[in-house]
Amino acid sequence: MADAAIVSSYVDGYVFVVRTMYKDLGEIRKAMEMLQSVQGKIAGFVLNDVEGKNDTDHIYGKYGYDYGSRNNE
């Protein structure tokens with residue numbers, strides 16, 4: 001967190017990337033509190049490792065990396 005204190009004066013905010021079903025919410029809260037204690041602003045969260053309905057679904061749909069390879073419905 002020492003880096004966060006140094007960087008906080010150079011950035012507008014922090015984005016937390018959290019894995020789906022992460023079990024230790026206390027650890028996330030502690031990190032948030034530490035950032036706030038050095039006046040770091042939390043811009044938001046990204047939920048990572050999200051599964052689609054089935055193996056062929058992509059979370060980004062037609063806007064993902066495979067854009068153009070499927071029918072645009």
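Here are a few things to note about the model shown:
- Scoring SER37 on the criteria (1) of a type in the set (Ser, Thr, Tyr); (2) at pLDDT 85 or above; (3) loosely packed, with under 11 Cβ neighbours inside 10 Å leaves a single failure, condition (3).
- Any chance LYS62 is among the charged types (D, E, K, R), modelled with pLDDT of 85 or more and surrounded by 11 or more Cβ atoms within 10 Å (Cβ to Cβ): no
- Given (1) over 14 Å from the mean Cα position of the chain (by Cα); (2) at pLDDT 90 or above, index of the condition ILE42 fails: (1)
- As for the stretch 21-29, it holds at least one residue that is modelled with pLDDT under 90, surrounded by 13 or more Cβ atoms within 10 Å (Cβ to Cβ) and either more than 13 Å from the chain's Cα centre (by Cα) or not basic (Lys, Arg) (or both).
The values are calculated or read from the model by the stated rules, or taken from the named source; none is laboratory data. Values in this document were obtained by computation on a predicted structure and should not be read as measured data. Using ideal geometry, Cβ is built from the backbone for each residue, glycine included, and neighbour counts are taken over all protein chains shown.
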